[in-house]
1. Suppose we filter 44, 25, 14, 65 for residues that are aliphatic (A, V, I, L, M) and either touching a residue at least 40 places away in the same chain (Cβ under 8 Å) or touching a Ser or Thr at 6+ places or on another chain (Cβ under 9 Å) (or both); which single one remains?
2. Check segment 5-15 and report whether any residue there is at pLDDT 95 or above and touching an Asp or Glu at 6+ places or on another chain (Cβ under 6 Å).
3. Give me the residue from segment 60-79 that is β-branched (Val, Ile, Thr) and within 23 Å of residue 11 (Cα to Cα) and, out of that set, surrounded by the most Cβ atoms within 10 Å (Cβ to Cβ).
4. Mind checking which residues of segment 1-59 are of a type in the set (Val, Ile, Thr) and loosely packed, with under 10 Cβ neighbours inside 10 Å?
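The values are calculated or read from the model by the stated rules, or taken from the named source; none is laboratory data. All of these numbers come straight from a predicted model, not from anything done at the bench. As a convention, Cβ positions derive from the backbone with ideal geometry for all residues, glycine included, and neighbour counts pool all protein chains shown.
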Amino acid sequence: MKARIVVTLKSGVLDPQGKAIEAALKSLSIDDVSGVRQGKVFDLEIASENREQAEATLKAACEKLLANTVVENYTIEIA
């Protein structure tokens, strides 16, 4: 089973890397872009035939390692 986990900063949390990316885009004359927020994407394969078990395993991975749930949100997509 294949899965994708997307981790993003919660709204209201400052994103200095996003601001740096936005400034870099403007320096390249890409001016129509604003509000840049950066995040992380994890593509995984999980050896589970049971979708609920796979979701539970992936949630545990996010809670314990992949996301800092104090300042980040995550979404899990299973293909």
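1. 44
2. yes
3. In this case the residue turns out to be 76.
4. 41
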